[in-house]
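For reference, the structure is listed below as structure tokens.
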Amino acid sequence: MTNRVRLGQLGRPYGLAGALKLKTEADPAVLTALEKVYLEGRGARAVREVRRVGSDWVIVLVGVSDRSAAEDLVGLGVYVDRESLPRLESGVWYYFELVGKPVYVFEKSFGEVKEVREAGAQDLLVVARGLRTYLVPLQAPYVSVREEGIFVEPPPGLFE
């Protein structure tokens, strides 16, 4: 799945007609534009509909027409082709694009982003430096994401 990006995970069935909850933090513009997804270990499925129900996302896949068929898919990872994602404006990034970027502290090489954790109000960069990892608030005013890397001018104590 090298050119595919994890979009989320299928949750429990929603109703009796084969719909499933979709656990995801993806942008609504991405979700509502979906035409096809890849299910972990099951291949491609056409998307009939993705809609918001309260605070949840619900996905309806072609060929999944009842609750029993939906139950068979619960827990599977959902992936999309990178090329199918909408282009973002300059200076805006998908989280998967940040993984592997070098991190600089006060313009000096520090480490590398290993993952991005969605943590409520403040998403976190997991930065590896040698055998240690550090959590850096992504939306903090002292963090700047650029094409060449992530630049941090941390407050005292962040990397202690």
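Between rounded, prolate and oblate, where does the stretch 1-64 land on the alpha carbon gyration tensor, with a ≥ b ≥ c its root eigenvalues, rounded for a/c under 1.5, else prolate if a/b exceeds b/c?
Judged from the Cα gyration tensor, the stretch 1-64 comes out oblate (a/c at least 1.5, b/c at or above a/b).
For ARG146 and ARG129, compute 0.36 nm times the residue count separating them, minus their Cα-Cα distance, and round to one decimal in nm.
Gain on extension, ARG146 to ARG129, equals 4.2 nm.
Where Lys and Arg each count +1 and Asp and Glu each count -1, what net charge lies around ALA128 among other residues with Cβ under 11 Å from its Cβ?
Overall, the nearby charge balance is +1.
Which cross-chain or sequence-distant (5 or more) residues have an amide H under 5 Å from the amide H of LEU138, H modelled 1.01 Å from N in plane?
ASP123, LEU124, LEU125
Going by a ≥ b ≥ c, the root eigenvalues of the Cα gyration tensor, does the stretch 46-117 fall in the rounded group (a/c under 1.5), the prolate group (a/b larger than b/c) or the oblate group?
prolate
Go through the stretch 1-63 and name the GluC sites (Glu not before Pro) that are in a DSSP coil and have 11 or fewer other Cβ atoms within 10 Å of their Cβ.
Here the sparse-neighbourhood loop sites are GLU25, GLU35.
Which value results when the Cα radius of gyration for the chain is divided by 2.2 N^0.38 Å?
In units of the 2.2 N^0.38 Å rule of thumb, it is 1.22.
Cα to Cα, under 25 Å, and not fewer than 8 places away if on the same chain: which lysines meet these conditions relative to LYS114?
LYS23, LYS101
Please enumerate, by chain and number, the lysines with C-alpha under 18 Å from the C-alpha of LYS21, excluding those fewer than 8 residues away in the same chain.
Leaving aside lysines fewer than 8 places away in the same chain, those within reach of LYS21 are LYS36.
Out of the total accessible area of the chain (probe 1.4 Å, heavy atoms of protein only), what percent is carbon and sulfur? Let's see the in-between values first.
On the way: 4530 of 9410 Å².
Percent of accessible area from carbon and sulfur atoms in the chain: 48.
Please list 3J(HN,Hα) in residue order for the stretch 66-82, calculated via the Karplus relation 6.51 cos²θ - 1.76 cosθ + 1.60 where θ = phi - 60°; whole Hz, with x for glycine and proline.
Computed from phi, the couplings for the stretch 66-82 are 8, 4, 4, 5, 5, 4, 5, 9, 4, x, 6, x, 10, 10, 9, 5, 4 Hz.
In the stretch 71-160, what trypsin sites (Lys or Arg not before Pro) fall in a loop by DSSP, with at most 11 other Cβ atoms inside 10 Å?
On the way: sites: ARG82, ARG87, LYS108, LYS114, ARG117, ARG129, ARG132, ARG146; in loops: ARG87.
Loop-located and lightly packed - ARG87.
Quick one: accessible area per residue over the stretch 1-119, 1.4 Å probe, rounded to a whole number of Å²?
59
The values are calculated or read from the model by the stated rules, or taken from the named source; none is laboratory data. This is a predicted model, so every value here is computed, not measured. Positions of Cβ are backbone-derived with ideal geometry, glycine not excepted, and every protein chain shown enters the neighbour counts. We work out accessible area using only protein heavy atoms, side chains counted, and drop any ligands, DNA or RNA first. Shrake-Rupley method; radii C 1.70, N 1.55, O 1.52, S 1.80 Å.
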